[in-house]
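The values are calculated or read from the model by the stated rules, or taken from the named source; none is laboratory data. Just so it is clear, the model here is predicted, and its values are computed rather than measured. Reconstructed Cβ throughout: ideal geometry from the backbone, glycine too, with neighbour counts over all protein chains shown. When the accessible area is computed, the model is the full protein with side chains, heavy atoms only, and any ligands, DNA or RNA have been set aside. Shrake-Rupley method; radii C 1.70, N 1.55, O 1.52, S 1.80 Å.
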Amino acid sequence: DVKVTQSSRYLVKRTGEKVFLECVQDMDHENMFWYRQDPGLGLRLIYFSYDVKMKEKGDIPEGYSVSREKKERFSLILESASTNQTSMYLCASSPPGRVYEQYFGPGTRLTVT
Amino acid sequence: AQKITQTQPGMFVQEKEAVTLDCTYDTSDQSYGLFWYKQPSSGEMIFLIYQGSYDEQNATEGRYSLNFQKARKSANLVISASQLGDSAMYFCAMRALYNQGGKLIFGQGTELSVKP
């Protein structure tokens, strides 16, 4: 089974802190994605990557950065957390050639106080 | 630009009845895929069904079917014989098939509650 894991299910941080959200997939997928999910807005793409060291901005990249040093790991970084970044963050990965499949991690519910 | 619209924030259905969740989309791409995902209260996103824009037959997966009407740009999910375990958030999503690195555009979601 494909497995996408995220480092934390729940996280509480203070305003101004630097926050790292880690995502690891174990199936050698090339494409990886970070979304945030807010009630009434669905999921919105923050950043995605289709290869090591490659990254592309999604629809709402402001206030975030990403890192992909290894194929299996895609990190989302909040340089200086703010209360409006309180949200559910979902990581996903997609296998090459099967464009219709995205596998999601369990999500990290981040609260910034 | 691509857009997905789900106009039903919440739906109720009686157990064992069928239910249709609405989804309309907008895109200028000729080749695209449409997806439905289920998100139970645990938070994980579960892939349910996929329809390609050039597929002539409506997709089916067990109790799930996708009512694809290309001219109307709609991709409604039909769940037959609802079960209590179907209670969850449901998201419609779309992606262009040959560019943009596979990113999905999601709708706002519909919360389905199945009554015993």
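Okay, here's what the table says:
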item	result
Contact order relative to length of chain A, as percent, for alpha carbon pairs under 8 angstrom and 6 or more apart	36 percent
Sequence-distant lysines (8 or more away, or on other chains) whose Cα lies within less than 17 Å of A:Lys53	A:Lys70, A:Lys71
Cβ charges +1 (Lys, Arg) and -1 (Asp, Glu), total dipole of chain B, debye	160 debye
Share of carbon and sulfur in the accessible heavy-atom surface of chain A [1.4 Å probe, %]	49 percent
Segment A:16-90 shape via C-alpha gyration tensor axes, a/c threshold 1.5	prolate
In the A-B interface, the accessible area buried, summed over both sides, Å² (probe 1.4 Å)	1600 Å²
For B:44-52, mean number of other protein chain Cβ atoms within 10 Å	4
Dimensionless Rg ratio for chain B, taking C-alpha atoms and the 2.2 N^0.38 Å reference	1.02
Amide proton proximity set for B:Asp29, modelled H, under 5 Å, gap of 5+	none
Solvent-accessible heavy-atom area per residue, rounded to whole Å², over segment A:15-54 at 1.4 Å	45 Å²
Dipole-positive endmost among A:Val24, A:Ile60, A:Trp34 within segment A:1-60 (Cβ charges, Cα centre)	A:Ile60
Accessible area, probe 1.4 Å, largest first, for residues B:Tyr25, B:Tyr64, A:Tyr10	A:Tyr10, B:Tyr64, B:Tyr25
Per residue, in Å², the accessible surface of chain B once ligands and nucleic acids are set aside, probe 1.4 Å	47 Å²
Hydrodynamic radius by Kirkwood, which averages 1/r over all alpha carbon pairs of the protein assembly as shown, in angstrom	18.1 Å
Rounded, prolate or oblate (a/c below 1.5 giving rounded, otherwise prolate when a/b exceeds b/c) for segment B:1-65 by Cα gyration tensor	prolate
Over 25 Å (Cα to Cα) - which of A:Lys13/B:Lys103; A:Lys57/B:Lys73; B:Lys16/B:Lys73; B:Lys73/B:Lys103 fall in this group	A:Lys13/B:Lys103; A:Lys57/B:Lys73; B:Lys16/B:Lys73
Heavy-atom accessible area ranking, 1.4 Å probe, most first, across A:Asp28, B:Asp22, A:Asp38	A:Asp28, B:Asp22, A:Asp38
Size of charge dipole - the protein assembly as shown - debye, nearest 20, with Cβ of Lys, Arg +1 and Asp, Glu -1, no other charges	420 debye
Selected from A:Gln6, A:Leu45, A:Thr113, residue furthest toward positive end of dipole (chain A; charges at beta carbon)	A:Thr113
